[in-house]
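Every number in this text was worked out from the coordinates using simple rules, so none of it is lab data. These figures come from a predicted structure and were not determined experimentally. Quick reminder, even Gly has a Cβ in these numbers, built from the backbone with ideal geometry, and neighbours come from all protein chains shown.
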């Protein structure tokens, strides 16, 4: 992950943020009424931190309750079991990540076309920073190890995270191609390729060597070069 204290250009950034500073406490928790929001957030915060620290299999409900407080009754009522709690952690994290891109998404492709390289760099840095942060890599490790047993949760991850990002990028590439700013025949394929380029082997490194951080300097250099290569192959 990028060094602590560093930030991406997106609204203060999330690359390098620890669990406590992700800002996910501000999101409402599905299934919790107003009076139960604080308890639900505490459970999700504890679960997220423990999944990062210990992984899914080694994290018990007792561990989560010991750290968060509250009762098993509350946990079962709102999340069902540990798998339900993991799903809620995953969905909240994906919502948080997509919210970070809201300002850029709201601007729309036409506004982003001005200063195209810099805007794509910002998008790429956000994506790469997000995918190499501790909570994301913890979620991905859990999905790899448990995905065969919980396929509905694995599919949900793609629906609430990667598929939305790819769809938005594809819309941008399509509009820029129609305006003559880029030369792209397959916008969705280009979106997949762009994400693959800006992430590259950084994600593989984080998944295999979780204790070896990726510095912000390395991340910025990698993304900048990837964006330039992408544009070199897609500009008219």
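A few comments on the model shown:
- By average C-beta atoms within 10 angstrom, highest first, the peptides 61-70, 202-211: 61-70, 202-211
- The shape of segment 19-234 can be summarised by an equivalent ellipsoid whose semi-axes, obtained from the alpha carbon gyration tensor, come to 35, 18, 15 Å from longest to shortest.
- The overall shape of segment 128-236 is oblate: from the C-alpha gyration tensor, with semi-axes ordered a ≥ b ≥ c, the ratio a/c is 1.5 or greater and a/b is no larger than b/c.
- Most to least packed among 221-229, 81-89, 122-130, 141-149 [average Cβ atoms within 10 Å]: 122-130, 81-89, 221-229, 141-149
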